[in-house]
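Every number here is computed from the coordinates shown, using simple stated rules; none is lab data. All values reported here derive from a predicted model rather than from experimental measurement. Positions of Cβ are generated from backbone atoms using ideal geometry, with glycine treated the same way; all protein chains shown enter the neighbour counts.
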Amino acid sequence: MEKRIIKVHNKSDKPDNIVQKENEIIEKCITIENNLPTFMKDFFIYLRNGVALSTRFAYLQDIFFFCKYLISQTNISKAVNTKDISLEEFNCIKAKDINRFLGDYCTRYTINEKNSIIIMENHNRSLARKKSSLTVLFKFLFRDELISENITDGLNPIRLPKPQPDAIKKLEIDEVAKMLDIVETGNGLTKKELVYWEKTKLRDKAILVLFVTYGLRLKELQQLNVSSFNFGRGDFKIYRKRGKEVNMPLNKSVEKVILDYIQLERVSDEQVPEKHKDALFLSLQKTRMTEKSIRQLVKKYSSLALGTTKENGYSPHKLRATAATSLIQNGFSIYDVQNLLDHDNVTTTQLYAAHKKNVKREIVNKFEWLEEYDKKNSPI
């Protein structure tokens, strides 16, 4: 059967490409919901209105996985399909059953395919997310008096490693300069890469400069449109997590690389398919670049700056860390950087502040008790 094209009638201020992408995730959510028990219907409404779309999708995936586990690995449910699990069976689930699911089954399980067996492993970060999904579900069912007991108090804790500043991977300022020099000159690229570089060097430079200036998330950059930029007012619009609309100011460096790309390298709109006409960053196929292709681009140039293999090059998220630490090293406050990068909690930004090089040495050198070493008291 031929796949139908889904068109979205967009009445919001959001660009069509973002609305279309969100709709694709919504369709996936609806597909999962149609395969889950009907007594969860009110929970689906709660997710739809109460959490971010990406969180809703992640929760539904985890709950669907748990329901499949109930059928295939336990005696709790006699259902053949996940949709047929009854509320009475869910009422029989105890905290120990979820603890076994998380602590025993999820840590290592197998998937049988036609000619192979895939061994799946989940570490504590993945287990904590699954625990969070189930906790939200069971608390909701208890609150709505669908189950008789709040079993979430009996769930085992999952210890997550505390993030350490020294573990933050980022480019140093000289490595950023080297990366931008490589994208400008092509030094270090193979003959095959140089062929593509000649056609995309201005695009690639614009992408890298945007990442290291604003610390944009990959999704935020990939969704950018030509119409996102207002050069007269000196700003551009991005859509952050939970659909937040934000205007970002342009500096001269960013304005130059964007205009150079648009005016000197990007193909004219007449050559671009209707769906992709407004997309800022285009592939050689004249379609909007995918998140995967942008990630590969960043890994390629960052690996050359680091002097390592492409596999060990840095991801866009590490360029986000690069932007944060560079701004802090240049004297901006953690609250200013928090605002620019859209961190929910300032403690996240503080990690980058703690990563400032030689910070201990700078502190003690500026805090001398003996007068002969105290620069504050030295004659001018």
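What the table shows:
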read-out: Relative contact order %, the range 167-362, counting alpha carbon pairs below 8 Å whose residues are six or more apart; value: 26
read-out: Cα long-axis angle, helix 291-306 against the chain (0 to 90 degrees, to the nearest 10); value: 40
read-out: Charge dipole magnitude, Cβ of K and R +1, D and E -1 - the chain, Cα centre, debye nearest 20; value: 540
read-out: Nonlocal Lys pairs with alpha-carbon distance under 17 Å, the range 16-161 (8 or more apart, or different chains); value: 18
read-out: Three-way shape call for the range 167-362 based on the alpha-carbon gyration tensor, with the a/c threshold at 1.5; value: oblate
read-out: The range 214-238-the range 250-286 distance, computed between alpha-carbon centres (Å); value: 12
read-out: Mean separation of Cα contacts under 8 Å (6+ apart) over length of the chain, as relative contact order %; value: 12
read-out: Read-out Rg and Dmax of the Cα atoms in Å, derived from the coordinates shown; its label in [x] 27.5, 112; [y] 20.0, 71; [z] 25.5, 86; value: [z]
read-out: Shape of the range 1-107, Cα gyration tensor, a/c cut at 1.5; value: prolate
read-out: Rounded, prolate or oblate (a/c below 1.5 giving rounded, otherwise prolate when a/b exceeds b/c) for the range 215-293 by Cα gyration tensor; value: oblate
read-out: Amide H contacts under 5 Å for residue 225, placed H, 5+ residues apart; value: 280
read-out: Cut-off 10 Å between beta-carbons: net charge of the residues surrounding residue 322, Lys and Arg +1, Asp and Glu -1; value: +2
read-out: Under 5 Å, built H, 5+ apart or other chain: amide partners of residue 235; value: 230, 250
read-out: Around residue 95: net Lys/Arg minus Asp/Glu count, Cβ-Cβ under 13 Å; value: +2
